[in-house]
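The values are calculated or read from the model by the stated rules, or taken from the named source; none is laboratory data. Remember, predicted model here, so these are calculated numbers, not experimental data. Here the Cβ positions follow ideal geometry from the backbone for every residue, glycine too, while neighbour counts run over all protein chains shown. Just the protein is used for accessible areas: all its heavy atoms, side chains included, with ligands, DNA and RNA removed. Shrake-Rupley method; radii C 1.70, N 1.55, O 1.52, S 1.80 Å.
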Amino acid sequence: MELRLASSSGALLRPAASPLAGLRPRPSPSLQIQNHIYSMPTLRHKAHASLGCQASIATKYMETPEIVDLDWENLGFGLVDTDFMYMAKCGADGNFSKGEIVPFGPIALSPSAGVLNYGQGLFEGLKAYRKANGSVLLFRPEENAIRMINGSDRMCMPAPTVEQFVDAVKQTVLANKRWVPPTGKGSLYIRPLLIGSGAILGLAPAPEYTFLIYVSPVGNYFKEGLAPINLIIEDNFHRAAPGGTGGVKTIGNYASVLKAQRTAKEKGYSDVLYLDAVHNKYLEEVSSCNIFVVKGNTISTPAIEGTILPGITRKSIIEVAKSKGYKVEECPVSVDELLDADEVFCTGTAVVVSPVGSITYLGKRVEYDGNQGVGVVSQQLYTSLTSLQMGLAEDRMGWTVHLN
């Protein structure tokens, strides 16, 4: 199979001169690529065009059949170079090119690219799971597509349609199928990126954009796994402010939390919990995940009002919790309510559901469930959600997408 980059006038983003240059040798040098034709499942969300961008949907998918020989038992949450990535471009006309699967490797950018100078970029995160029969499942990919479209409007960027986004994810996962961990050993983390790749000197939207996707097999995000994590409330730095970009998944939101996160980890904490920037008393979110507080049969989580990322796992957990009879409230949650809770947990694509064993605030440490185990609600919701994601339970929600 011939692999080509889509040509683009004045393209600034392209694979290195040799498309395989810099790639590490693969564990299976005898890899054979085969073409397979798959029927596209009908999406529940129809065309969500953004800024006039047109979707180009593939009808043939490249698939890698065998599984890579890795130490799956000790797979952490770190980058593992895989075989291929997806790339598509959008010029001044607002239309994305037909994306292509190309070898994973370095990319070239002009020093004056919009993403490098003005931070014009968004990313998403979702996962693929391998079922016992070898088939692969995606979890709510159209929700990631919609969130990217919403974020692109805030960042003055064009975005691929829902159809093109989901199709690109499918192409990338199937091309790297041999990197999807065996059942129960982890997942394939999928990272879509939308960046201002065009050269720009003055402060303005970039003249060209690149949509790309790469993947990496991953294990647990926190080294504790499904075990209590220890958080510290940050009262000096804030993650976001009203009117800012805290509610979209733009790249700059994450660089700003690194200092507080590093300080917390140096003190032995797992991560940082941020407060609102106005009153400095209401919960916002952890560095990269949403927060939930349990009191009796009520589960509370901060409302989405522009400063908190609308997490897809958050949204899913709310729906699962309601289906199990819990009362779920999306409302302001104060530090006092947090410290008086029966149980606390975090949610996110990377962490799924992570129980909180302790919260430290102004030198005072409060422990939940004795810090010895996973809370009842956390365990129940984690099991319910992961069973859906991995195809171990009937998907009555219609959330999973079967790739084959």
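Could you list, in sequence order, all residues of the range 71-120 that are among the hydroxyl-bearing types (Ser, Thr, Tyr) and closer than 21 Å to residue 255 by Cα? Hits for the range 71-120 are 112, 118.
So for the range 271-281 (the condition being out of contact with any His (no Cβ under 9 Å at 6 or more places or on another chain), aromatic (Phe, Trp, Tyr) and touching a residue at least 40 places away in the same chain (Cβ under 8 Å)), does at least one residue qualify? Talk me through it step by step, then tell me what you get.
Here is the first cut: in the range 271-281, the ones out of contact with any His (no Cβ under 9 Å at 6 or more places or on another chain) are 271-273, 278-279, 281.
Filter once more, so that each one left must be aromatic (Phe, Trp, Tyr): none.
No, the range 271-281 contains no residue that is out of contact with any His (no Cβ under 9 Å at 6 or more places or on another chain), aromatic (Phe, Trp, Tyr) and touching a residue at least 40 places away in the same chain (Cβ under 8 Å).
Within 17 Å of residue 353 (Cβ to Cβ), modelled with pLDDT of 95 or more and either assigned to a loop (DSSP other than H, G, I, E, B) or open to solvent by 30 Å² or more (accessible area, probe 1.4 Å) (or both): does that describe residue 273? Can you show your working first?
Working: within 17 Å of residue 353 (Cβ to Cβ): yes; modelled with pLDDT of 95 or more: yes; either assigned to a loop (DSSP other than H, G, I, E, B) or open to solvent by 30 Å² or more (accessible area, probe 1.4 Å) (or both): no.
No; evaluated as a whole, the condition is false for this residue.
On the stretch given as the range 168-214, residues that are among the hydroxyl-bearing types (Ser, Thr, Tyr), part of a loop (DSSP other than H, G, I, E, B) and crowded, with 24+ Cβ neighbours inside 10 Å total 1. Which condition from (1) over 28 Å from residue 176 (Cβ atoms); (2) open to solvent by 10 Å² or more (accessible area, probe 1.4 Å); (3) not β-branched (Val, Ile, Thr) is the one that residue 378 breaks? (2) is the only condition that residue 378 fails. Looking at the range 296-375, the strands (runs of 3 or more DSSP E) lying wholly inside it that each contain 3 or more residues that are more than 26 Å from the chain's Cα centre (by Cα) sit at 364-367.
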